[in-house]
Structures are given as C-alpha cells and as structure tokens.
Amino acid sequence: MKRVRKILTSLMIAAVICTMYTVPALAYSGANYGAVSTSGSKTFNMASFWAFDVYSFTPSTTGCYEFYSYNNTDGDPFFYLVSPSYYNTVYNSLANTGCRSSTADAYSLAYNDDGNGGRNFKLQYLCYAGQTYYCFVTKYNTNTTKGSFAVSGPYYNSVTLDRNGGSGGSSILYNGTNYGNSQSVWLSTGSSSAASYITAPTRTGYTFSGYYGSANNQQYIASNGAILSGMGGYGRGTLVAQWSQNVYTLTLSNQGVANTSATVAYNTAIPESVAAPVRAGYQFEGYYSAASGGTQYYNSAGKRVSSFNMTSDKMIYAQWTPRTYNISYQGLTGAVLDTKPAAHTYGTATTIPDPVKTDYTFTGWTVNGGTVKSKNLTLAAAGYTADISLTANWVKRTDAVVQNPDNILISDNISQEDLANIFHNPSEESKRGVTQSELNNSDAVRLTMTVSNITGPANGEQEIKEATNGEVVRFFDVKVVKEVTPAGGGTVVTTNLVEVPEPIEIRIPLSGDLAGKSSYQVLRYHSDSEIKDGQTITTSDTQAIPQDGTGEYFTIEGNNLVIHTRLFSTYAIAAGQTSLDLTPVQDGGTGNGFGTDVQGRIVQTGLNPVYKLDVSWGPMVFEYTTAREWDPNNHVYLGASYSWAQQSFQGGNNRIILANHSNADVNIDFSFAASGSALDGVDVTFKETNADTAPEVTHYFLPKVPAEAADAPSLKSYLWLSGTPRDLSVFGTVESGGETPIQKVGVITVTAAADPNSTLTPKNP
C-alpha cells in the first residue's frame with residue numbers, strides 16, 4: 001500500500017495540472033471531461049488501471065454542497081476534489097469548516113463501502129458562488145469500474161433566531177450575499193467583516209449581548225452580529241438573544257461647586273433622596289429641570305418631590321439663592337455718611353462710601369476688628385460669609401511735608417509717606433512724635449522733615465574723621481519739626497522731634513566722592529558731640545544690622561544708600577577707598593536695586609556676639625485679576641470676579657527666608673509700608689505658613705547656631721495680600737485680555753535686633 005500511495009501522489013499532481021490546463025488533450029482510456037451542475041449527473045466507465053474522469057462545478061450560490069458517486073461497481077475507485085493549487089491544499093483548508101467527512105483518508109476526500117465490491121462516495125464542501133471546483137475520479141486496480149457522479153445543494157444550517165423581547169435585526173449577510181429574514185443559511189466560520197454577520201436586533205432600554213444556543217448556552221453570534229467559528233456544521237436549532245439592562249447616569253449639575261451623579265437602571269425612578277450640596281454664600285433651593293425655573297425634583301433638604309423614570313442619561317440643576325449678611329457701623333459719631341448699606345449680598349460687591357467729619361481726616365474703614373484701614377471700601381462679592389462690622393477711623397487734621405533744599409534725597413515721596421505714618425501711631429511723649437491729645441484737641445498738626453547738607457565745619461567732625469581713619473566723609477542734617485495749631489486758634493506750638501515711633505526711609509545717591517567705594521559706614525551723633533554706635537557695611541554685604549535697639553539701619557540698593565531711622569540729628573557717611581563691582585541679584589520684586597540677601601557682621605575679640613544673617617526674597621510680584629465668568633448653561637456672563645492670582649502665592653514668590661549664622665539669638669520683626677495708594681483697601685499680612693487662613697505673625701525669635709559646626713537655624717515668612725484695591729485705576733488702564741505694567745506698591749522691612757537675654761554658642765572643649 002505504501003508503494004501505491006507514493007505512485008498516487010505523483011499521478012494526483014499530474015491530474016490536477018491536466019484538469020486546469022491540458023485535460024482535453026489527454027488520451028487516457030475511458031476519460032470523461034465536462035461540467036456538472038445540481039440539476040444533473042454524470043456516469044463514468046473506467047476499464048484500465050488509473051483511468052480517470054474530471055468534472056468541473058461552478059455554483060451560482062454560496063452554500064454547502066454534497067459531491068457523491070453511487071451505483072459503483074467493483075474496481076475500488078477514488079474520488080478527489082481538487083483546485084488549481086493541488087487537491088491536498090483544498091483538503092487541508094476544510095479542517096475547521098464542519099463540511100468535511102470524517103471518513104476521508106489521506107488521499108480521497110470521502111468514500112463509503114457499499115458491501116457489494118464497489119465503493120460509493122460522499123463529500124460535503126462549502127463552495128462559494130462563481131468559484132470553479134474540479135472533481136477528479138480515478139481507480140487503482142485493473143477491474144472495470146462503473147458508476148454515477150452528481151452534485152446536490154446548496155444545503156444550509158437552518159437556525160431559528162429567538163429575539164427574546166427584541167425586534168428587527170434578523171437580516172443575514174454571508175460572504176456578500178443577503179439572505180434576508182429567511183433564518184435558513186449555512187453559517188460557517190466567524191468574521192467581524194461585512195461578509196459574514198447578521199444584523200443585531202434591538203430592544204428599548206437594553207444592550208444586545210449576542211445569540212446563544214438554547215440547549216448549551218454557547219455563544220454563536222457576537223454582540224456586533226459577527227458569526228463565530230463554532231457555528232459550522234448542521235442543526236444548531238434555536239439561538240436565543242441575550243440582553244443586559246442599560247444603566248443611565250443622573251448628573252446633578254451643582255452650578256458653582258463640583259457636580260455629583262447617581263446611576264439608575266432603565267425605566268427606574270430617580271432616587272428618593274440625594275445629598276444636598278453646599279456652596280459658600282448661597283442657600284440651596286433644590287434640584288430642577290433647568291438652571292433657572294423649570295420643574296422641581298428635589299427640595300432644599302435633598303428629598304424627592306417629583307419623579308420621572310430614567311430612559312437615557314439626564315441632567316438636573318441645582319438652584320441657589322445668595323445669602324444676605326447684616327452690616328453694622330461704629331465710629332460715626334459726628335460724621336456724615338451719604339449712603340449706608342444695611343446688608344451685603346453674597347456674589348455682589350458692596351461699595352461703602354467714605355464718611356466726612358469736621359476737623360478730622362478719615363483714615364479708612366476697618367472690617368470685623370481688623371487693623372487694615374481702607375478708603376472707598378468695596379466689600380468683595382465673595383469675601384464674606386457672616387455678618388460684617390465696619391469701624392470708621394479718624395485722625396485730627398494732619399499734614400506731612402518733606403523739604404529737600406540741597407537735593408540730597410532721590411525721592412521725596414517715600415520719606416513723605418513714612419512721615420505721614422507717624423500720625424497713625426501716636427507717641428506718649430511730644431518730642432518723640434505726635435500724641436493722641438494733640439490729635440484730639442488741636443485744629444491741625446503739621447510735620448516738616450528737612451534733609452540738608454552741613455555748611456562749614458560740622459560739630460564733632462574731627463572725632464568722626466579720626467574714627468574713620470581719614471576716609472571720605474560727608475555730613476548732613478535730618479530735622480523734623482512739629483507744628484501744632486491749638487483748637488479754636490492761637491499760637492502755633494513748634495517742637496523739634498528727636499525721635500519718632502516708626503522708621504523713616506531716607507534715600508541718598510552714592511555719587512560724587514561717595515561713588516564706587518568698597519565699604520560705607522554711617523555714624524549718627526547729637527549736638528552734644530556724642531558719637532553714637534555706627535555700623536560698617538561693605539558693598540558685598542549690602543545691609544548693616546542695628547545693634548542699639550532703635551531699629552535704625554541702612555542698606556545699599558543699587559547706587560543708593562538707604563537709611564532707616566527713627567532718630568533725628570547729624571549724620572556722617574564715611575566711605576572706603578577701594579572700588580568693587582556690584583553684582584545684581586533678585587531684589588524681592590522692587591526692581592530698584594542690587595541684592596536683597598541681608599547680611600551684616602560685627603567682629604569683636606574674645607567670646608563676644610558675632611552677628612551674620614542671610615535673607616532670601618521671593619520675586620514679590622503680585623497680580624490682581626478681574627474677570628467675568630461665563631455661564632455655559634444660560635449663555636450669559638455672570639458678575640465680574642476680582643481676586644489675587646494664585647500664582648502670586650506659589651513657587652516661593654511671596655516667601656522670605658532668614659538664616660542666623662550668629663553665635664547669639666536675635667529678634668526678627670517684619671513690617672510693610674505701602675508706596676502710594678495702589679494697595680488702599682488691601683490687607684497686607686505676614687504669615688508663618690503659606691496659607692490665607694494662617695494667622696498673622698510679624699515677630700519671630702531666631703535662635704543662634706546651637707553648636708560649633710552646626711547648621712544655621714532659619715525661619716520662613718510669607719507675605720499675603722487680600723481684599724480689593726480701592727482704586728484699580730492707579731495701576732493704569734488695561735484692555736480685555738491685557739495686563740498693566742508691573743509697578744512698585746510697597747516696601748518690606750526686616751528688622752533684626754540682638755536678644756538681650758541671649759547666651760553665646762558654646763565653645764567645643
């Protein structure tokens with residue numbers, strides 16, 4: 001048999017080639033050629049060994065066809081179904097179609113022993129419309145073999161589609177042929193393409209999962225209608241559609257706070273209750289079918305008051321009523337206030353006008369017991385969520401004037417603003433400022449500060465020159481005169497002030513013989529020629545630290561010497577001779593100088609205090625934004641919103657860091673002086689942590705280095721601005737989407753003083 005099969009293989013290949021191209025020219029005995037169809041049959045009579053017949057079949061309809069021979073006489077013929085690429089290619093391709101007889105051996109596709117010495121053949125095969133199939137019949141013995149050959153079909157896999165509550169979708173497409181709703185088609189391997197699928201049925205409120213066998217619950221058709229591979233063969237019976245119930249989302253549009261949602265099954269009522277949302281400054285009124293008006297579904301407690309069944313995703317809308325807060329007033333005795341709003345409605349800015357009081361200057365409103373005074377106050381639309389208390393603050397008529405006859409000062413405005421602050425901080429002694437009695441019982445109080453060069457020999461000049469080793473020395477006087485006009489008129493009382501409660505900033509240009517020096521020393525002395533303690537500052541240090549508890553110090557900012565003083569007398573500036581280049585560094589956002597890392601040093605012999613502090617500043621650039629919010633539901637712009645930009649308080653912009661490299665403890669104080677009126681109405685505070693809700697902290701204790709070779713202790717403070725500037729026009733005019741130029745709005749002062757109770761860093765044994 002092995003020998004015979006080897007011969008068969010060779011002959012089979014030859015038979016295929018002949019079938020395709022040269023069969024008509026062959027001269028084998030008993031060979032028949034021609035086409036066969038399902039409407040007729042062919043007979044064959046093969047007398048010689050290896051005689052053969054070849055028939056071609058080209059179906060017009062795709063389906064499963066049966067190829068068979070019958071009435072075969074003895075002779076053991078073999079039957080082959082071949083293609084132009086050899087019969088075994090066709091044979092192997094049938095492995096998964098369910099349309100190949102399991103009785104086929106390695107060479108013949110099918111044969112059946114009829115018990116009468118001959119063999120009948122039967123083969124089921126999936127044939128495609130328009131494709132030609134070749135039927136090859138041969139024998140391997142010398143006996144004469146007779147028989148008939150025929151093709152029948154097409155046969156279909158007849159299934160019933162039970163839509164299980166659905167409808168439609170029964171149209172069947174197979175290899176491009178539409179079989180309509182017949183439910184009778186031979187279904188073979190799966191395919192997600194348009195060539196092999198059914199149209200899925202539909203069911204309101206449900207999603208089609210696929211068709212499954214009613215007996216074995218095996219899936220034969222996917223949810224997209226694709227026919228799966230298990231569909232091959234005959235007699236699948238009833239296929240039942242399976243469904244999953246749809247679940248829909250009920251979106252609760254909270255109109256100002258984060259949305260929430262609930263999931264509801266198809267045709268099921270919305271939940272009986274939902275959580276009532278919370279929105280600062282507003283009273284929740286319930287959920288409605290529209291952003292305004294409409295049908296109410298839930299009340300203010302979140303309880304359902306009307307209902308509907310969910311058949312699709314749905315959105316309902318929260319409706320809100322702005323809360324109203326009472327406004328109370330204090331400090332208006334004897335004053336006139338044109339309009340006096342009794343309440344503040346959240347979401348709407350409330351303007352409070354300035355009152356007028358004879359012989360008094362209104363210094364601003366303070367809010368809820370705060371310390372920041374604001375004129376032309378605007379209560380921010382979203383700034384308050386409780387009742388509001390406003391206090392009017394007053395001072396007696398005052399005036400502050402700076403005289404600069406010798407053009408020593410580079411800016412009169414800064415000194416004048418500092419001088420005017422004296423009226424807001426009354427002194428206990430008349431010669432050290434303005435008393436509360438003078439403010440309350442006088443018609444007017446005037447302060448005049450004069451800064452002038454000393455002409456002729458200065459008092460104490462020789463001692464100072466000796467103390468500074470002959471360095472360049474310039475002298476000037478700072479004088480503040482107070483003039484008080486008694487109530488009802490009378491003689492003006494004049495006093496030369498020797499001290500004031502708050503430091504005044506005096507800016508002197510380092511020009512002429514003071515320009516380009518390596519170090520500077522400022523000495524202050526009174527008319528009795530007593531030289532006060534002076535500090536030396538180098539151009540690389542940029543700041544001297546006060547040692548006498550007065551808060552007096554000086555800095556170098558660019559090409560300017562800036563003196564902060566509370567004491568008025570004669571000053572001497574001594575300058576070193578060596579010129580060093582100044583290196584510009586970040587200056588805390590003022591944009592006016594070199595270096596803001598604050599350092600100072602006093603060196604003494606023995607175990608004495610040695611002070612050195614580093615100060616690092618953030619950029620200190622703050623943005624105030626005005627915008628209108630777009631309501632995407634109602635297609636309108638809401639009221640304008642005003643706020644300080646979040647980036648102003650992020651990334652270290654508002655941060656100040658101090659590190660104490662000293663061997664003694666120091667006390668640190670922060671203060672802020674506004675420049676001009678840009679921040680009128682704005683609270684300016686220093687905070688230990690970078691949060692708007694953090695308490696204000698202006699005084700810190702900064703300990704010494706704890707041990708030799710130890711790290712320097714440090715602290716952080718953050719500058720915060722809150723509230724609405726009284727007059728935004730101060731910043732300039734800005735178009736929509738634009739911005740104004742950055743400008744200076746104030747000065748931060750960091751004051752360091754030696755702690756009187758400090759011990760020194762212990763020395764290692």
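The values are calculated or read from the model by the stated rules, or taken from the named source; none is laboratory data. A quick note: this is a predicted structure, and the numbers were derived from the prediction, not measured. All Cβ positions, glycine included, derive from the backbone under ideal geometry; neighbour counts span all protein chains shown.
Contact map, the range 506-520: residues that are under 24 Å from Val401 (Cα atoms) and not assigned by TED's automatic domain parsing to the domain that holds Val472 paired with residues that are among the hydrophobic types (A, V, I, L, M, F, W, C) and modelled with pLDDT of 75 or more, Cβ distance under 6 Å, separation 6+ or inter-chain. No pairs are found. When you check Ser374 against the structure, is it under 22 Å from Thr685 (Cα atoms), of a type in the set (Gly, Ala, Ser), modelled with pLDDT of 95 or more and not assigned by TED's automatic domain parsing to the domain that holds Ile454, yes or no? Considered against the rule, which asks whether it is under 22 Å from Thr685 (Cα atoms), of a type in the set (Gly, Ala, Ser), modelled with pLDDT of 95 or more and not assigned by TED's automatic domain parsing to the domain that holds Ile454, Ser374 comes out as no. Considering the range 419-442, the residues that are of a type in the set (D, E, K, R) and surrounded by 15 or more Cβ atoms within 10 Å (Cβ to Cβ) include one that is farthest from Ile408 (Cα to Cα), namely Glu438. Within the range 387-407, can one find any residue that is part of a loop (DSSP other than H, G, I, E, B) and under 37 Å from the mean Cα position of the chain (by Cα)? For the range 387-407, residues part of a loop (DSSP other than H, G, I, E, B) and under 37 Å from the mean Cα position of the chain (by Cα): present. Within 25 Å of Leu439 (Cα to Cα), among the aromatic types (Phe, Trp, Tyr) and either buried (at least 17 other Cβ atoms within 10 Å of the Cβ) or more than 37 Å from the chain's Cα centre (by Cα) (or both), is that true of Tyr360? It is true that Tyr360 is within 25 Å of Leu439 (Cα to Cα), among the aromatic types (Phe, Trp, Tyr) and either buried (at least 17 other Cβ atoms within 10 Å of the Cβ) or more than 37 Å from the chain's Cα centre (by Cα) (or both).
Within the range 228-250, being at pLDDT below 90 and polar (S, T, N, Q) holds for Ser229, Thr238.
Scanning the range 477-498 for residues that are of a type in the set (A, V, I, L, M), assigned to a strand (DSSP E or B) and exposed (fewer than 15 other Cβ atoms within 10 Å of the Cβ) gives a single hit, Val493. Could you please let me know if Gln283 is outside any loop (DSSP other than H, G, I, E, B), under 19 Å from Tyr384 (Cβ atoms) and under 33 Å from the mean Cα position of the chain (by Cα)? Judged against the criteria, Gln283 is a match.
Only one of the listed residues (Ala707, Ala673) is closer than 28 Å to His661 by Cβ, part of a loop (DSSP other than H, G, I, E, B), in contact (Cβ under 8 Å) with a residue 12 or more places away in the chain and aliphatic (A, V, I, L, M). That residue is Ala707.
For the range 698-710, name all the residues that are at pLDDT below 90 and closer than 20 Å to Leu721 by Cα.
Kept after step one, since they are at pLDDT below 90, are these residues of the range 698-710: 698, 708-709.
Listed by number, the list holds a single entry, Thr698.
Select from the range 338-352 the residues that are surrounded by fewer than 15 Cβ atoms within 10 Å (Cβ to Cβ) and not charged (D, E, K, R) and write down the one among them that is nearest to the chain's Cα centre (by Cα).
Step one: list which residues in the range 338-352 are surrounded by fewer than 15 Cβ atoms within 10 Å (Cβ to Cβ), which gives 338-340, 342-343, 348, 351.
Narrowing further to those that are not charged (D, E, K, R): 339, 342-343, 348, 351.
Numbers: Thr339: 43, Ala342: 40, Ala343: 36, Thr348: 28, Thr351: 34 Å.
Applying the filter and picking the extreme gives Thr348.
The residues of the range 316-337 that are surrounded by 16 or more Cβ atoms within 10 Å (Cβ to Cβ) and either in a strand (DSSP E or B) or under 33 Å from the mean Cα position of the chain (by Cα) (or both), listed by number, are Ile316, Tyr317, Ala318, Gln319, Trp320, Arg323, Tyr325, Ile327, Tyr329. Exactly one residue out of Val666, Val682 is modelled with pLDDT of 90 or more and over 30 Å from Ala291 (Cβ atoms): that is Val666. Being among the hydroxyl-bearing types (Ser, Thr, Tyr), at pLDDT 95 or above and within 30 Å of Ala318 (Cβ to Cβ) is a property that Tyr297 has.
Considering only the range 644-663, how many residues are of a type in the set (Gly, Ala, Ser) and more than 30 Å from Pro762 (Cα to Cα)?
At the first step, the residues of the range 644-663 found to be of a type in the set (Gly, Ala, Ser) are 645, 648, 651-652, 659, 662.
Next, from what is left, pick out any that are more than 30 Å from Pro762 (Cα to Cα): 645, 648, 651-652.
Number of matching residues: 4.
Within the range 658-667, does at least one residue satisfy the condition of being under 20 Å from Val372 (Cα atoms) and part of a strand (DSSP E or B)? So far as the range 658-667 goes, no, none of its residues is under 20 Å from Val372 (Cα atoms) and part of a strand (DSSP E or B).
Residues that are assigned by TED's automatic domain parsing to the domain that holds Ala678, buried (at least 17 other Cβ atoms within 10 Å of the Cβ) and in a loop (DSSP other than H, G, I, E, B): does the range 714-724 have at least one?
The initial filter retains those residues of the range 714-724 that are assigned by TED's automatic domain parsing to the domain that holds Ala678, namely 714-724.
Narrowing further to those that are buried (at least 17 other Cβ atoms within 10 Å of the Cβ): 717-721, 723-724.
Cutting the leftovers down to in a loop (DSSP other than H, G, I, E, B) gives us 723-724.
Yes, the range 714-724 contains a residue that is assigned by TED's automatic domain parsing to the domain that holds Ala678, buried (at least 17 other Cβ atoms within 10 Å of the Cβ) and in a loop (DSSP other than H, G, I, E, B).
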